[in-house]
Amino acid sequence: MDNQYFSKEGLEKLKQELQQRTEVMRPEIAQRIKEAKEQGDLSENAEFDAAKEAQSMNEGRIEDIHKILENAVVISHGTNAVGVIGVGCQVVVESKDGKRTLTIVGVSESNPAEGLISNESPLGKAFLGHKKSDTIEVRTPKGIVSYTILDIK
């Protein structure tokens, strides 16, 4: 698995999810399984089946989080010494649709509706390595869009 980039906050959120799943959800699911077993015939016990499925999904997510954490790289916000856009940068851009502020983040933290753009997305890839005042063109579902980089924070 390749490195996955996280802000300090994003990594903390992932660690909190892991703690919730191991310390709260795991015991709750185990209790549901125990109670379902006490009802008797497991072959026709929908509650037992649902609890086992929940257990499987929870354990799978716990395993995924462990793998992600093994390869997590914390990014610091801001530009590097030469003012080039990289993961962790906040970028103010202007296009025909107006000004937007975007933050380049790792794929695990991306949320385009909130302006968090993955470094692996077409838009994120297009900004990487560029500087203030550069104009880039990105192919989007609506066609090619030109963006001018107004500021990098």
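Amide hydrogen proximity for LEU150: with H placed 1.01 Å from N in the peptide plane, the residues at 5 or more positions away or on another chain lying under 5 Å are VAL92, VAL93, GLU94, SER133. Placing one equal scatterer on every Cα of the range 90-152 and applying the Debye formula, the log10 ratio I(q)/I(0) at q = 0.12 Å⁻¹ is -0.25. The convex hull defined by the C-alpha atoms of the chain has an orientation-averaged projected area of 12.0 nm². The modelled label-to-label distance for the pair ASP41/ASP134, using points 7 Å beyond Cα in the direction of Cβ, is 6.8 nm. Computed from backbone phi, the HN-Hα couplings of the range 36-50 come to 5, 5, 5, 6, x, 3, 7, 5, 10, 9, 5, 5, 4, 4, 5 Hz, rounded to whole numbers (Karplus: 6.51 cos²θ - 1.76 cosθ + 1.60, θ = phi - 60°; Gly and Pro given as x). Out of residues 5 or more away from GLU120 or on other chains, whose amide H comes under 5 Å of its own, with H placed 1.01 Å from N in the peptide plane? Under 5 Å from the amide H of GLU120 lie the amide H atoms of VAL107, each far enough along the sequence or on another chain.
If R0 is taken as 25 Å, the Cβ-Cβ distance between ARG26 and ASN111 corresponds to a FRET efficiency of 0.40. Across the chain, how many lysine pairs separated by 8 or more positions, or lying on different chains, have Cα atoms within less than 14 Å? Number of lysine pairs found: 6. Measuring from a point 7 Å past the Cα of LYS96 along Cα-to-C-beta, which residues in the range 109-153 have an amide N at less than 14 Å? The answer is 137-148, whose backbone nitrogens lie closer than 14 Å to the label point.
Bear in mind that the values in this text are calculations on the coordinates, not laboratory data. Everything quoted here is computed from the prediction, not taken from an experiment. Backbone-built Cβ (ideal geometry, glycine too); neighbour counts: all protein chains shown.
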